[in-house]
Structure formats: C-alpha cells, structure tokens
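Input: a single structure, listed below in structure tokens.
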Amino acid sequence: MSHSHSQTDTMANDIEQFEKSLAAMHGEVRQLKETISAQRNELEQFRIGEDERTQRAVAAANTEIVQLQQTINALRDELERRRIGEEERTEQAVAHANGEITQLRNAVNALRDTLETNRLEAEDREQVLERRYHSERAQLQDTITVLRQELENLHARHK
C-alpha cells in the first residue's frame, strides 16, 4: 500500500500543483483581462479626447472660414462701392468736360459769328467809305473842272 499511497500522494500533489497552476493562470488571465479592460478604457478616453480635439479644431477652422468669408464679402462690397463711386466720379467728370466742351464750342461759334459780323460790317463801312470817296472825288473833280473853267474864263476876260 505504500506504493499506492505514494502514488496517491503524488497524484494529490500533482492535482494540487495543477490547481495552483490553474489558480495562478486564472489570476494571470484576470490580470490580463483587467489590463485589457484598462487599456480599452484608456484607448476610449484617448479616442474621446482625439474626437474632442478634432471637433474643436474643425469648429475653429469653420469659424475661421466663416470669418474669412465675411472678410472677403466685406472687401468685395467695399471694392464694388469704390468701383461704383469711381464710375460715378468718372461719369461726372466726363459730363463736366462735355459741358465745358459745349460751352467752349458755343463760345467759339459766338466768336466766329461776331468775327463774321465784324468782317461784314467792316466790308460795309469800307464800301460806304469807298462810295463816299468816289462820290467826293467826283464832286471834287467836278468842282475842279468848274473852277478851271471859271479861271479860264477870268483869264480870258482879262486878256
């Protein structure tokens, strides 16, 4: 029986060793499961943090995009206002220049008319003076002729 008892002891030892090993393995498995669970939680927290950072970054980028679009629209509006203002000033300048051109043309035409009137009046005066000159000359020649005849008659009587 000693052999059988020895075998039983050995078997009991083996079972005990196996149970201890099994308990140790269960402990290790539990520890590994806890480690996995902790790492999963840590990974989830990391993902949540990453998602929050990504959302904040996207929100900040969207805010910046909106601000830039508003700035672009404001600049476009200002540029359009300035372009319209410049067009209006250009149109006013052109209208003013056209008004001045019209006034100058009218002044030139008035001066031409005055010059033509003066030329015609001068021609008329010249013709009047020329007729008067010819008339007076003819009268003077007639007077000279009459006076010569009288002088000749006087000379003829005195001789």
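Each reported figure results from applying straightforward, stated rules to the coordinates on display, with no laboratory input. Here the structure is a predicted model, which is why all the values come from computation and not from measurement. No Cβ is skipped: glycine too gets one built from the backbone with ideal geometry, and neighbour counts run over all protein chains shown.
Could you give the dipole magnitude of the chain about its Cα centre, charging the beta-carbon of Lys and Arg +1 and that of Asp and Glu -1, in debye to the nearest 20?
Values: 22 positive and 31 negative charges, 280 e Å.
Dipole magnitude for the chain comes out near 1340 debye.
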### Message
If you average the C-alpha positions of the stretch 21-63 and of the stretch 125-159 separately, how far apart do those two centres end up, in angstrom?
### Response
144 Å
#### Entry: Highest-fluctuation residue, ILE144, ILE48, ILE72 considered, GNM on the chain with Cα pairs under 10 Å
ILE144
### Task
Under a 10 Å cutoff between Cα atoms, tell me which one of ALA61, ALA12, ALA110 has the largest fluctuation in the Gaussian network model of the chain.
ALA12
### Query
Roughly how tilted is helix 2-158, in degrees to the nearest 10 and between 0 and 90, from the longest Cα axis of the chain?
0 degrees
### Query
Per residue and in cubic angstrom, what volume does the convex hull of the Cα atoms of the stretch 29-107 have?
39 Å³
#### Entry: Net charge over other residues, Cβ less than 12 angstrom from the Cβ of ASP142 (K, R count +1; D, E count -1)
+1
### Query
Which of the GluC sites (Glu not before Pro) found in the stretch 1-107 are in a DSSP loop and have at most 15 neighbouring Cβ atoms, other than their own, within 10 Å?
none
### Query
Do the sum for the chain: with -39,500 (n - 2.57) for every DSSP H run of n ≥ 4, divided by all residues, what is the mean residue ellipticity at 222 nm, to the nearest 500 deg cm²/dmol?
-38500 deg cm²/dmol
